[in-house]
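Comments concern the structure below.
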Amino acid sequence: MTDKTMTPEEAVAGLRSGMTLGIGGWGSRRKPMALVRALLRTGITGLTVVSYGGPDVGLLAAAGRIRELVTPFVTLDSVPLEPHYRAAREKGAFALTEIDEAMFMWGLRAAANRLPFLPLRAGIGSDVMRVNPALRTVTSPYADGEELVAVPALRLDAALVHLNRADRLGNGQYLGPDPYFDDLFCEAADTAYVSCEQVVATAELTRQAPVQSLLVQRHYVTGVIETPGGAHFTSCAPDYGRDEAFQRMYAATPWPEFAARFLSGDEKTYQCAVQAWHEEQK
């Protein structure tokens with residue numbers, strides 16, 4: 001079996017402009033931020049981004065890397081609307097496809113099962129059908145004859161997710177309260193890159209945590225990237241919570257100023273800049 005460990009730079013080297021890129025996590029929770037920051041250090045652009053959006057979308061939108069966004073929301077959780085996403089959207093910087101949270105999940109599930117769509121009740125009678133006129137309905141072929149939304153598959157060229165632990169083979173484990181559909185992102189993608197707080201031996205994955213926490217299976221994973229603090233400034237429970245002070249600063253800081261201070265170097269430079277900023281606040 002293959003050792004799939006690699007650096008953030010090696011992971012994003014597998015991406016290309018124009019790809020459809022899925023990004024795991026939820027809002028400002030367990031986002032693969034180190035991989036997003038590595039992506040920003042490349043010239044990759046024109047992306048279709050599929051995400052339960054948070055600062056991952058904010059960074060990519062502010063940097064002008066998104067051609068189309070598919071999402072049910074873009075939030076920082078404690079800040080209701082991601083401000084850099086909002087600014088880019090108000091300028092008409094990219095196309096937006098809005099679907100609700102349930103549709104998004106079933107779109108990933110359809111892609112994971114290589115189906116063209118899955119039928120769903122969610123959306124019937126709501127404005128999602130108005131704001132997304134490309135959605136279609138189907139009629140049940142059985143006696144009930146119910147009208148359902150035909151949710152299209154969200155097929156991904158690549159996926160980025162962040163987990164608490166993984167082994168070198170690509171098995172990934174979450175230790176927090178929610179899987180955030182990261183398994184579906186990996187299964188819906190042609191290639192998947194899993195960053196993690198710690199790479200451990202395979203036996204360690206089940207020694208101190210339930211088997212149910214083994215979320216991502218190795219045969220869906222292309223690369224494993226050990227990045228302690230790699231979800232910062234989003235949360236990665238139980239390893240660390242959201243860096244609320246830093247997030248508030250990010251939300252209030254003009255993009256050029258934030259990018260110049262925190263995104264001008266590699267991941268180690270970023271982490272040092274964050275530490276220096278916290279020292280200044282004392």
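The values are calculated or read from the model by the stated rules, or taken from the named source; none is laboratory data. Just so it is clear, the structure is predicted and the values come from calculations on it, not from any experiment. Glycine gets a Cβ as well: all are built from the backbone with ideal geometry, and neighbour counts include every protein chain shown.
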Looking only at segment 9-43, count every residue that is in contact with a Ser or Thr (Cβ under 7 Å, 6 or more places away or on another chain) and over 18 Å from Ala189 (Cα atoms) and tell me the total. 6
Can you work out which of the residues in segment 229-246 that are closer than 12 Å to His278 by Cα and not charged (D, E, K, R) is surrounded by the fewest Cβ atoms within 10 Å (Cβ to Cβ)? Ala245
Exactly one of (1) free of Cβ contacts under 8 Å to residues at least 40 places away in the same chain; (2) within 30 Å of Thr206 (Cβ to Cβ) is unmet by Leu160. Its number? (1)
It is to be established whether one or more residues within segment 129-138 are touching a Leu at 6+ places or on another chain (Cβ under 8 Å) and modelled with pLDDT under 95. yes
Among the helices (runs of 4 or more DSSP H) confined wholly to segment 23-132, which include 2 or more residues that are touching a Cys at 6+ places or on another chain (Cβ under 8 Å) and among the small types (Gly, Ala, Ser)? none
All positions within segment 229-266 that are over 17 Å from Glu82 (Cβ atoms), in a loop (DSSP other than H, G, I, E, B) and more than 17 Å from the chain's Cα centre (by Cα): Pro238, Asp239, Gly241, Ser264, Gly265, Asp266
Going through segment 117-149 one residue at a time, which ones are small (Gly, Ala, Ser), surrounded by 15 or more Cβ atoms within 10 Å (Cβ to Cβ) and either on the phi < 0 side of the Ramachandran plot or free of Cβ contacts under 8 Å to residues at least 24 places away in the same chain (or both)? Ala122
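So that you can scan it fast, the table gives a plain yes or no per residue for (1) surrounded by 15 or more Cβ atoms within 10 Å (Cβ to Cβ); (2) modelled with pLDDT under 95; (3) more than 19 Å from Leu215 (Cβ to Cβ):
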{"site": "Thr7", "(1), (2), (3)": "yes, no, yes"}
{"site": "Val12", "(1), (2), (3)": "yes, no, yes"}
{"site": "Gly18", "(1), (2), (3)": "no, no, yes"}
{"site": "Ile23", "(1), (2), (3)": "yes, no, no"}
{"site": "Trp26", "(1), (2), (3)": "yes, no, no"}
{"site": "Ala34", "(1), (2), (3)": "yes, no, no"}
{"site": "Ile44", "(1), (2), (3)": "yes, no, yes"}
{"site": "Thr48", "(1), (2), (3)": "yes, no, yes"}
{"site": "Tyr52", "(1), (2), (3)": "yes, no, no"}
Counting just the residues of segment 206-234 that are touching a residue at least 40 places away in the same chain (Cβ under 8 Å) and among the charged types (D, E, K, R), which one comes out nearest to Phe185 (Cα to Cα)? Arg218
Qualifying position, being under 25 Å from Val49 (Cα atoms), among the aliphatic types (A, V, I, L, M) and touching a helix residue (DSSP H, G or I) at 6+ places or on another chain (Cβ under 6 Å), among Ala150, Ala188, Ala134, Ala158: Ala188
If we scan segment 254-269, do we find a residue that is loosely packed, with under 13 Cβ neighbours inside 10 Å and in contact (Cβ under 8 Å) with a residue 40 or more places away in the chain? no
Report, by residue number, each residue of segment 163-200 that is outside any strand (DSSP E or B), of a type in the set (A, V, I, L, M, F, W, C) and either touching a residue at least 40 places away in the same chain (Cβ under 8 Å) or crowded, with 22+ Cβ neighbours inside 10 Å (or both). Leu169, Leu175, Phe181, Leu184, Phe185, Cys186, Ala188
Among the residues of segment 27-43, the number that are in contact with a strand residue (DSSP E or B) (Cβ under 9 Å, 6 or more places away or on another chain), on the phi < 0 side of the Ramachandran plot and not small (Gly, Ala, Ser) is 7
Please work out if Asn113 is at pLDDT 95 or above and polar (S, T, N, Q). yes
Of all residues in segment 191-242, how many are basic (Lys, Arg), at pLDDT 95 or above and more than 30 Å from Gly58 (Cα to Cα)? 0
